[in-house]
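What follows is a set of notes on a single structure, which appears directly below.
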Amino acid sequence: MNGWRNLPLRLTQVGTYKSPLGGSRKPAAVSRKEVLFEIIQEGSVYGLEETPVLHGEGAVFCHQGGQLSVSDSPPESYYNCYVVWFECGQRDFQLDWPRCFQWKDRKSMHAFAEEMLQAFHYAAMDRDVIGNLLLSRLSFELERSRSLARTQAVLPQLSLATDFINRNYAKPLSLDDVAKAADVSVSHLHMLFRAHLGESPHQYLIQKRMRIAGHSLATGNQSVKVVAAEVGYPNAENFCRAFRKFFGRSASEYRQAYFR
């Protein structure tokens with residue numbers, strides 16, 4: 001595998017993409033002088049294997065040299081992803097990476113991607129520094145994925161459950177609601193989350209709410225109370241406690257660190 005050092009790559013864009021139900025209407029075309037990384041944030045999307053496999057949160061896709069991005073989701077699903085574009089200084093340059101690998105630790109994936117978004121758009125940092133950091137971290141996660149050799153397939157019932165949480169995180173949700181959406185029992189729902197995600201459905205919901213709240217605080221000027229209500233916390237004090245527990249600092253401290 002080519003290392004990330006001394007590669008003729010220049011970071012041009014860091015952003016997000018949210019597909020409609022059923023996936024994107026048109027995949028992105030990557031020119032012969034570009035490399036595109038798509039990191040699945042939530043939802044599920046079919047990969048680019050000869051027999052397509054359904055991939056979920058944490059899947060990292062690498063497209064280059066005239067390839068097309070991922071685009072197709074099951075009819076009842078969708079996908080959100082972080083997108084990172086690089087421009088190549090050499091025509092027909094090829095990064096010797098697989099089309100897809102799995103970022104094992106979902107929480108670290110979200111934290112790192114959000115930090116890179118803030119750095120690129122709001123902190124006015126040097127793009128070469130951000131680009132080198134992105135490539136080095138992706139290279140590390142690729143090596144870790146190879147060493148673990150874990151499956152990337154998404155179980156349909158688990159996909160239904162996570163999609164339901166991702167669409168309804170701002171509403172009062174019970175385990176019964178989520179289990180019903182996935183057509184499983186509550187006990188089986190717990191088993192699926194513990195076995196395949198390493199956490200409970202409630203922990204997954206809290207992480208979803210905190211990620212949305214963190215992004216809102218870092219990029220907007222709404223009050224903490226309004227942000228709390230938008231992510232399912234009618235009581236701002238409960239939100240502030242949950243936010244500090246998740247991020248290790250208060251909501252106001254988090255905003256001050258990122259928002260300019």
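Every number in this text was worked out from the coordinates using simple rules, so none of it is lab data. From a predicted model like this one, the values you see are computed outputs, not experimental measurements. Cβ placement follows ideal geometry from the backbone for every residue including glycine, while neighbour counts extend to all protein chains displayed.
Give me the angle, in degrees from 0 to 90, between the Cα long axis of helix 156-168 and the longest principal axis of the Cα atoms of the chain, rounded to the nearest 10.
70
For the chain, take the longest principal axis of its alpha carbons; what is the angle in degrees between that and the long axis of helix 201-219, to the nearest 10 within 0 to 90?
70
Just grab the label-to-label distance for VAL53 and ALA29, each label 7 Å out from Cα along the Cβ direction, in nm (one decimal).
My value for the distance between the label points is 2.9 nm.
Once you put a point 7 Å from the Cα of ALA229 and another 7 Å from the Cα of GLN13, both along the Cβ direction, what distance in nm separates them?
3.5
Along its principal axes, what span do the Cα atoms of the range 156-258 show, with the longest given first and each in whole Å?
42, 22, 21
Using only Cα atoms, tell me the angle between helix 236-247 and the longest principal axis of the chain; keep it within 0 to 90° and round to the nearest 10.
That works out to roughly 40 degrees.
In straight Cα distance, which aspartates and glutamates are under 12 Å from LYS225, not counting same-chain residues fewer than 8 positions off?
Here the aspartates and glutamates satisfying the reach criterion relative to LYS225 are GLU237.
Determine the gain in length on full extension of the stretch TYR122-GLN94; use 0.36 nm per residue of separation and subtract their C-alpha separation, reporting nm with one decimal.
7.0 nm is the gain from fully extending TYR122 to GLN94.
Treating each Cα of the range 9-148 as an identical point scatterer and ignoring solvent, apply the Debye formula and state log10 I(q)/I(0) at q = 0.17, 0.18, 0.21 Å⁻¹.
Reported log10 I(q)/I(0), two decimals: -0.94, -1.06, -1.43.
In the structure displayed, which of LYS33/LYS107; LYS171/LYS245; LYS26/LYS107 lie more than 23 Å apart, Cα to Cα?
From LYS33/LYS107; LYS171/LYS245; LYS26/LYS107, over 23 Å: LYS33/LYS107; LYS26/LYS107.
Working from the alpha-carbon coordinates of the chain, get Rg over Rh, Rh being the Kirkwood radius. List each step's numbers first, then the result.
Working: Rg = 18.7 Å, Rh = 19.3 Å.
The Rg/Rh ratio comes out at 0.97.
Which FRET efficiency, nearest 0.05, do ARG241 and SER174 yield, Cβ-Cβ r, R0 22 Å?
0.60
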